[in-house]
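Step one of this worksheet: look at the structure below.
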Amino acid sequence: MNRPADRPAADRPDISVLVVEDDPVAAAAHTLYVQREPGFRAAGTVHSCADALRFLDRARAAGRPVDLTLLDLYLPDGHGLQLCGTLRAAGHTTDVIAVTSARDLAMVRQAVSAGVVQYLLKPFGAAALHDRLERYARYRDTLGRTGEATGQDEVDQALALLRTPERSALPKGLSAPTLDTVAAVLREARTGISAGAAGTAAGVSRITARRYLEHLVDIGLAAREPQYGNVGRPELCYRWTGGGGGAGPGPAPVRR
């Protein structure tokens, strides 16, 4: 995963994440996603508001405060947004990504008011969580620098890192699940990949893979460039950029 050049990932410890989810299967999956994400580590997994507060209290007392909490909003002993208020009142500074099936826009507004930095709708795959975590890491690296902002543009750029590309209006014939699959294949190919190879890895045809790859190029998450071989015409090679202009991170399924 690329970081700003003046503060590479190797210069800081992994970002610690607490998973708060009452469904055991979902909790295990989310924890696994975090563990497999370069630059992150799962600090723990709990299943209720009370357990989350106790865990965060113990972590802070031990001098290892949790950086980020993946928080389900519907928990057996309370609502996640109420927990956010309790955490802030207790002086906890952990950032929160809401992980929920709640699609009510009023709930989204309440989450923003409660200080939730991102809102991820269930169900989702590793690629969707990977994107949020990558953007959060870049956001932390940007705001973790010392000194003052040079101006409004720098502040806007830092906050924009938390936003994700608009995906509600995919081109006709494209589906979000297949897009996630092709994007994951592209991230895995650190040095780039052809449409044919991407199609084979994603289980779709070369033509289908190329349509998705071209869409990723169009929305700024990938770049294309000719790859020259020994003979014949050059083949287009696609490379993940993640919107940041550099080579993308590795795939979620591989622990580094």
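The values are calculated or read from the model by the stated rules, or taken from the named source; none is laboratory data. These figures come from a predicted structure and were not determined experimentally. Here the Cβ is made from the backbone with ideal geometry for all residues, glycine too, and neighbour counts use every protein chain on show. Calculation scope for accessible area: heavy atoms of the full protein, side chains included, ligands and nucleic acids excluded. Shrake-Rupley method; radii C 1.70, N 1.55, O 1.52, S 1.80 Å.
In this structure, does P76 turn out to be under 19 Å from V25 (Cα atoms) and either surrounded by fewer than 21 Cβ atoms within 10 Å (Cβ to Cβ) or out of contact with any Ser or Thr (no Cβ under 7 Å at 6 or more places or on another chain) (or both)?
Working: under 19 Å from V25 (Cα atoms): yes; either surrounded by fewer than 21 Cβ atoms within 10 Å (Cβ to Cβ) or out of contact with any Ser or Thr (no Cβ under 7 Å at 6 or more places or on another chain) (or both): yes.
Spelling it out, P76 is indeed under 19 Å from V25 (Cα atoms) and either surrounded by fewer than 21 Cβ atoms within 10 Å (Cβ to Cβ) or out of contact with any Ser or Thr (no Cβ under 7 Å at 6 or more places or on another chain) (or both).
Are any residues in segment 35-68 touching a residue at least 60 places away in the same chain (Cβ under 8 Å) and in contact with a Ser or Thr (Cβ under 6 Å, 6 or more places away or on another chain), and if so, which ones? Show your work before the answer.
Filtering segment 35-68 for residues touching a residue at least 60 places away in the same chain (Cβ under 8 Å) gives 35-40, 67-68.
Correct list: D67 only.
Would you be able to tell me the number of residues in segment 176-220 that are among the hydrophobic types (A, V, I, L, M, F, W, C), under 14 Å from G125 (Cβ atoms) and in contact with a Phe, Trp or Tyr (Cβ under 7 Å, 6 or more places away or on another chain)? Write out each step before concluding.
First, pick out the residues of segment 176-220 that are among the hydrophobic types (A, V, I, L, M, F, W, C): 176, 179, 182-186, 189, 193, 195, 197-198, 201-202, 204, 207, 209, 213, 216-217, 219.
From what's left, under 14 Å from G125 (Cβ atoms): 176, 179, 182-185, 202.
Filter once more, keeping what is in contact with a Phe, Trp or Tyr (Cβ under 7 Å, 6 or more places away or on another chain): 179, 182.
Number satisfying all stated conditions: 2.
All but one of (1) buried (at least 19 other Cβ atoms within 10 Å of the Cβ); (2) modelled with pLDDT of 95 or more hold for L53; which doesn't?
Unmet condition: (1).
How many residues are more than 20 Å from L162 (Cα to Cα) and open to solvent by 20 Å² or more (accessible area, probe 1.4 Å) if we restrict to segment 79-100?
Total satisfying the criteria: 8.
Output the residue which, of all residues in segment 22-34 that are farther than 16 Å from A127 by Cβ and touching a residue at least 12 places away in the same chain (Cβ under 8 Å), is least open to solvent (accessible area, probe 1.4 Å).
For segment 22-34, the residue satisfying everything is A27.
Return the residues of segment 182-205 that are open to solvent by 60 Å² or more (accessible area, probe 1.4 Å) and touching a residue at least 12 places away in the same chain (Cβ under 8 Å); say none if nothing qualifies.
Of everything in segment 182-205, those that are open to solvent by 60 Å² or more (accessible area, probe 1.4 Å) and touching a residue at least 12 places away in the same chain (Cβ under 8 Å) turn out to be E188, R190, T191, A201, G203.
When you go through (1) small (G, A, S); (2) under 17 Å from C237 (Cβ atoms); (3) in a helix (DSSP H, G or I) one by one for A184, which number turns out not to apply?
The single condition A184 does not satisfy is (2).
Does any residue of segment 88-109 turn out to be within 24 Å of H130 (Cα to Cα), within 20 Å of the chain's Cα centre (by Cα), β-branched (V, I, T) and assigned to a helix (DSSP H, G or I)?
yes
Condition first: out of contact with any His (no Cβ under 8 Å at 6 or more places or on another chain), under 26 Å from E37 (Cα atoms) and surrounded by 20 or more Cβ atoms within 10 Å (Cβ to Cβ). Can you find one or more residues in segment 142-149 that meet it?
No: zero hits.
Anything in segment 101-132 that is in contact (Cβ under 8 Å) with a residue 12 or more places away in the chain, polar (S, T, N, Q) and open to solvent by 30 Å² or more (accessible area, probe 1.4 Å)? List them, or say none.
Of everything in segment 101-132, those that are in contact (Cβ under 8 Å) with a residue 12 or more places away in the chain, polar (S, T, N, Q) and open to solvent by 30 Å² or more (accessible area, probe 1.4 Å) turn out to be S101, Q110.
Looking only at segment 110-125, count how many residues are in a loop (DSSP other than H, G, I, E, B) and not basic (K, R).
Result for segment 110-125: 5.
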